[in-house]
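J.: Let me give you the structure first, and then I'll get to my questions.
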Protein chains: 2
Amino acid sequence: MSEVSKGLSGIVVGDTAISTVGKAGVGLTYRGYDIHDLSEYTQFEEVAYLLIYGKLPNKIELAAYLKKLQTLRELPHNLKSVLEKIPQNTHPMDVLRTGISMLGTLEPETTGYTSAAIANRLLAITPGILLYWYHFQKQQNRIEIQTDEIYLANHFLHLLTGHTPKKEFAKTMNVSLILYAEHEFNASTFAARITTSTLADFYSAIVSGIGTLRGPLHGGANEAAMALISQFKTPLAAAQGVKKMLENKEKIMGFGHRVYRSCDPRSDVIKNYSQQLSKEAIDGDLFLISEQIEKIMRDEKNLFPNLDFYSATAYHFCGIPTDFFTPIFVMARLAGWSAHILEQRSDNRLIRPDANYIGLTPQAFIPLEQRI
Amino acid sequence: MSEVSKGLSGIVVGDTAISTVGKAGVGLTYRGYDIHDLSEYTQFEEVAYLLIYGKLPNKIELAAYLKKLQTLRELPHNLKSVLEKIPQNTHPMDVLRTGISMLGTLEPETTGYTSAAIANRLLAITPGILLYWYHFQKQQNRIEIQTDEIYLANHFLHLLTGHTPKKEFAKTMNVSLILYAEHEFNASTFAARITTSTLADFYSAIVSGIGTLRGPLHGGANEAAMALISQFKTPLAAAQGVKKMLENKEKIMGFGHRVYRSCDPRSDVIKNYSQQLSKEAIDGDLFLISEQIEKIMRDEKNLFPNLDFYSATAYHFCGIPTDFFTPIFVMARLAGWSAHILEQRSDNRLIRPDANYIGLTPQAFIPLEQRI
């Protein structure tokens, strides 16, 4: 038995062929392709295909895949009934956790319905789960789930607003989905792999991923970043406020990373989109406020922004409610989780570590009557 | 970066003061108390209290705790509505995963409603979630959830059959809940701790635990053991059948353990109950068949039965449907998971390991039009 560092920091717990996070000289690649190329030149669906099937689709494959995903968007009647019972003030991550768990009872995994088929269904249906619930709870509106949008990014924005999205919003959403699609053995993916390692079903693994992503030390960080940024009216106020928070040893979300040491290669990509959108936004100053916070964090703590930080304002400028930020992360990461479930299944061993016991030495049993 | 063995076998990934699994000279203790004393002399609720609050309750504390749990059994109306939408042929583990996720939307964790309060609610309500769904789907019967039973073991059996359980069935169920209550960093507990480590809510961590427990390499093993045992009509047929399975390199569930090397200290306890119950059971021969399988596995593979193996027939003789075996494991392990969530929160660090990249080297991006 050997003891390893707390939180498994820096400890290699398995192999993966899916992505390279912070590997020297490579940065972030999905199946060997650089994240900068993918986010600039592809649609999210190409990346999902790449992650799940292991290769970039050609034109014919992509067309077929897009068509297939379009047919998989509809919600089963009983899933809608369940979503209608989830209270209005529920965090949308709990809606997704419950909705996808429910879907697993309506369309369970079987030998004839498994893996990639379920992954594709989840990619296609998740925007509808979120937004059916949202519009029903907000104004008792049972929305139509089908749209004429070809791409998931556009479909999501269309369901949110009820109309065809602006081109630059759809582009930002598409890029964001690509950037969030996959990230090696992060906590939610690792949880999904552990669930998979007991030979549990596909949905159980995804549900573990969603619940784990929910926390502010993981997916919830983009929502926490928005809460931070939006509390300041000017860059000066942000500089003063963040300095004060640092003095008080408060945690500033959206900075640094467990694996990356000098920068998050995804941050500049989304920062650029946030900046472009800020020019047309009524509260575009939030971008300048973000930049000021970035500067303070570099100067004072030598910390760099991670993907979550500028994603916050990018989403905000697209008109997306803050508590949808982490659910969007789910829509993207479903691709990565699915790839990891498939990979874990292809060469499985139960993930069951040991613990170091620090508790009481053996105690003599005390009968109930004699206990004080 | 250092590389560790696959499945984290034998790797210490953190500290715990809750239980000792396979520690030399100690065997299995919960908070220092030997599992043999606890299973012989206590009620499951004393053990749940011990795990969650860190001490065995005295008479007054236990009386108050039992009373409190009795008041926490009722199902919210909207949870019942959701359970009624879950199809009849659903695996009960998926019912629990979905039902408890739904409960998390109806009674979310807040600063004023957290940790032990939610743990107690889950302990009290879970039998009702399972059996409300079961009776509704079986015969459209909306059962009353309250019973006059003081103990959870009795309450569960009462809800299952509609009447006060036989004393020996209730005793067996109580002992089984104690034996299954806690087991250090097993896969489901580790998954729950990872979910907790992102600062996700209590329900998300429990839901990860349920999904992970579901697999046949973990909680699902007791159901798999029953399927194995019940396929044989005689001990002789079992001996021949299991030998043949071993020749075909088929996996026999319910034997061996990742951590225990020579025996599972819980096995003899539940074997004794199975044996006692077999004497009155119409299909009591299943016990003799089990013993024969145990003998073959020792002779041929030098493997010992784990808790799951004799739990299968013990439950069966109590009249419990096979696909409730793993859900009973949940009812018990809720106590252990809760203790681990509390422990993880008390000294948290994000659990985020590294991976060894074995995929493609960097690939030049290929535009869609040029892909083959």
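J.: For peptide A:53-65, how many partner chain Cβ atoms fall within 10 Å of a residue's Cβ, on average? If you can, show how the numbers build up before the last one.
T.: Numbers: counts 0, 2, 1, 6, 2, 6, 5, 1, 1, 2, 0, 0, 0.
Other-chain Cβ atoms within 10 Å of each residue's Cβ, averaged: 2.
J.: How much accessible surface area, in Å² rounded to 10, belongs to the heavy atoms of B:Tyr151 with a 1.4 Å probe?
T.: About 70 Å², ignoring ligands and nucleic acids.
J.: Residues in the range A:184-203 near a label at A:Ser81, defined as backbone nitrogen under 19 Å from the 7 Å Cα→Cβ point?
T.: No residue passes the distance filter.
J.: While we're on this one: How high is the FRET efficiency between B:Glu250 and A:Asp15 when r is their beta carbon distance and R₀ equals 22 Å, given to the nearest 0.05? Walk me through the numbers before you get to the answer.
T.: Numbers: r = 27 Å, r/R0 = 1.22.
Working from the Cβ atoms, E equals 0.25.
J.: Taking beta carbons within 10 Å but only from partner chains, what does the mean come to for residues A:250-261?
T.: Details: counts 0, 0, 0, 0, 0, 0, 0, 1, 6, 4, 0, 0.
Other-chain Cβ atoms within 10 Å of each residue's Cβ, averaged: 1.
J.: 222 nm [θ] for chain B, helices only, -39500 (n - 2.57) per DSSP H run of 4+, per residue, to 500?
T.: Working: 16 runs with 208 residues, N = 372.
Result for chain B: -17500 deg cm²/dmol, rounded to the nearest 500.
J.: Find how many whole Å separate the alpha carbon centroid of the range A:319-372 from the alpha carbon centroid of the range A:73-117.
T.: Spelled out, the Cα-based centre of one part sits 21 Å from the other.
J.: Then there's this: How big is the A/B interface in buried accessible area, both sides summed, 1.4 Å probe, to the nearest 100 Å²? Mind showing how you got there, number by number?
T.: Working: alone 18340 and 18320 Å², together 27410 Å².
Approximately 9200 Å², summed over both chains.
J.: Take A:Tyr53, project a point 7 Å from its Cα along the Cβ direction, then tell me which residues of the range A:104-146 have their backbone nitrogen under 17 Å from it.
T.: Output list for this probe position: A:114-124.
J.: Students often check this: by mean Cβ neighbours within 10 Å, which of A:274-283, B:189-198, A:345-354, A:220-229 ranks highest, and how do the rest follow? All intermediate terms of the calculation are to be shown ahead of the outcome.
T.: Values: A:274-283: 15.6, B:189-198: 29.9, A:345-354: 18.3, A:220-229: 23.5.
Top of the packing list down: B:189-198, A:220-229, A:345-354, A:274-283.
J.: Taking only protein heavy atoms into account and a 1.4 Å probe, give the accessible area per residue of the range B:108-206 in Å².
T.: Numbers: 2980 Å² over 99 residues.
Here the residues of the range B:108-206 average 30 Å² of exposed surface.
J.: Which lysines does B:Lys80 reach when only Cα atoms under 26 Å apart count, and residues fewer than 8 places away in its own chain are ignored?
T.: Within reach: A:Lys80, A:Lys85, A:Lys138, B:Lys67, B:Lys68, B:Lys138.
J.: When a/c is below 1.5 the answer is rounded, else prolate if a/b is larger than b/c, else oblate, so apply that to the range B:55-194 with a ≥ b ≥ c taken from the square roots of the Cα gyration tensor eigenvalues. Provide the component values of the computation, followed by the final result.
T.: Values: a/c = 1.39, a/b = 1.10, b/c = 1.27.
The shape class here is rounded.
J.: Now for a different question. Which peptide among B:8-17, A:208-217 comes first, and what is the full order, when sorted by highest mean count of other Cβ atoms within 10 Å? Show your work: numbers first, answer last.
T.: Details: B:8-17: 19.6, A:208-217: 29.4.
Highest to lowest by the protection proxy: A:208-217, B:8-17.
J.: Ordered by packing density, taken as the mean number of other Cβ atoms within 10 Å over each peptide's residues, highest first, how do A:325-333, B:88-96, B:307-315 rank? Please report the intermediate quantities before stating the final value.
T.: Working: A:325-333: 26.4, B:88-96: 20.0, B:307-315: 28.7.
Ranked from most to least packed, the peptides come out as B:307-315, A:325-333, B:88-96.
J.: Turning to a different aspect of this structure: Sticking with the crude label model, points 7 Å out along Cα→Cβ, report the distance from B:Gln370 to B:Ile60 in nm, one decimal please.
T.: For B:Gln370 paired with B:Ile60, the spin-label model returns 8.1 nm.
J.: Would you mind telling me the antiparallel percentage of the DSSP bridges in the protein assembly as shown, rounded to 5?
T.: Details: 14 of 26 bridges.
Approximately 55 percent, going by the DSSP bridge assignments.
J.: Taking only the alpha carbons of the range A:93-158, what extent do you get along each of the three principal axes, in Å, biggest first?
T.: On the principal axes, the range A:93-158 reaches 40, 26, 18 Å in Cα extent.
J.: Also, quick follow-up: Just to make sure I understand: if all protein chains stay in place, what is the order of B:Ile118, B:Ile143 by accessible area at 1.4 Å, largest first?
T.: Of B:Ile118, B:Ile143, the descending order of accessible area is B:Ile143, B:Ile118.
J.: Heavy atoms of the protein only, probe of 1.4 Å, neighbouring chains included. What is the accessible area of B:Met245 in Å², nearest 10?
T.: The accessible area comes out at roughly 30 Å².
J.: Mind giving me the nanometre distance, one decimal, between the label points for A:Lys67 and A:Ile143, set 7 Å out from Cα along Cα→Cβ?
T.: Simple spin-label model gives 2.7 nm for this pair.
J.: Provide a whole-number value for the mean count of partner chain Cβ atoms within 10 Å of the Cβ atoms in peptide A:23-36.
T.: On the way: counts 4, 0, 1, 3, 1, 0, 6, 3, 3, 7, 6, 4, 0, 1.
Counting Cβ atoms of other protein chains within 10 Å of each residue's Cβ and averaging gives 3.
J.: Kirkwood Rh, Cα Rg: Rg to Rh for chain A? List each step's numbers first, then the result.
T.: Values: Rg = 21.7 Å, Rh = 21.8 Å.
Answer for chain A: 1.00.
J.: Separate question: Given R₀ = 30 Å, FRET efficiency for B:Asn302-B:Gln240 by Cβ-Cβ distance, to 0.05? Each step should come with its number before you reach the end.
T.: Working: r = 20 Å, r/R0 = 0.66.
After rounding to 0.05, the efficiency reads 0.90.
J.: Identify, among B:His36, B:Leu75, B:Val21, the residue whose Cα sits farthest towards the positive end of the charge dipole of the range B:1-96, taking +1 on the Cβ of Lys and Arg and -1 on the Cβ of Asp and Glu, with the dipole about the Cα centre.
T.: Of B:His36, B:Leu75, B:Val21, it is B:Leu75.
J.: Roughly how many whole Å is it from the C-alpha centroid of the range B:202-243 to that of the range A:15-45?
T.: So the separation of the two Cα centres works out to 40 Å.
J.: Could I ask something else about it? Enumerate the lysines that A:Lys251 could reach by cross-link, defined here as Cα to Cα under 25 Å, with residues fewer than 8 away along the same chain left out.
T.: A:Lys6, A:Lys233, A:Lys243, A:Lys271, A:Lys295, A:Lys301
J.: Further, regarding this structure: Under 17 Å from the Cα of A:Lys55, which aspartates and glutamates turn up, not counting those fewer than eight places away in the same chain?
T.: A:Asp34, A:Asp37, A:Glu45, A:Glu46, A:Glu182, A:Glu343, B:Glu369
J.: Between A:Glu40 and A:Arg349, take the C-beta separation as r, use R0 = 51 Å, and let me know the FRET efficiency to the nearest 0.05.
T.: Values: r = 38 Å, r/R0 = 0.75.
Plugging the Cβ-Cβ distance into 1/(1 + (r/R0)^6) gives 0.85.
J.: While we're looking at this one, here's another question. Whenever you get a sec, compute what percent of the accessible area on chain B sits on carbon and sulfur atoms (1.4 Å probe).
T.: Values: 7050 of 13700 Å².
Summing carbon and sulfur atoms, their accessible area is 51 percent of the total for chain B.
J.: For B:Leu28, which sequence-distant residues (separation of 5 or more, or a different chain) have an amide H within less than 5 Å of its own amide H, given hydrogens modelled in the peptide plane?
T.: B:Gly22, B:Ile35
J.: How far, in nm, would the chain grow between B:Thr111 and B:Asn356 when pulled straight, counting 0.36 nm per residue and subtracting the alpha carbon separation?
T.: Working: separation 245, 0.36 × 245 = 88.20 nm, distance 3.93 nm.
Extra length available between B:Thr111 and B:Asn356 comes to 84.3 nm.
J.: Can you divide the C-alpha Rg of the protein assembly as shown by 2.2 N^0.38 Å and report the result to two decimal places?
T.: Against the compact-globule rule of thumb, the ratio is 0.96.
The values are calculated or read from the model by the stated rules, or taken from the named source; none is laboratory data. These numbers were taken from a predicted model, which means no experiment stands behind them. Don't worry about glycine lacking a Cβ; one is built from the backbone with ideal geometry, like all the others, and counts go over all protein chains shown. Just so you know, the surface numbers come from the protein's heavy atoms only, side chains and all, with ligands and any DNA or RNA stripped out. Shrake-Rupley method; radii C 1.70, N 1.55, O 1.52, S 1.80 Å.
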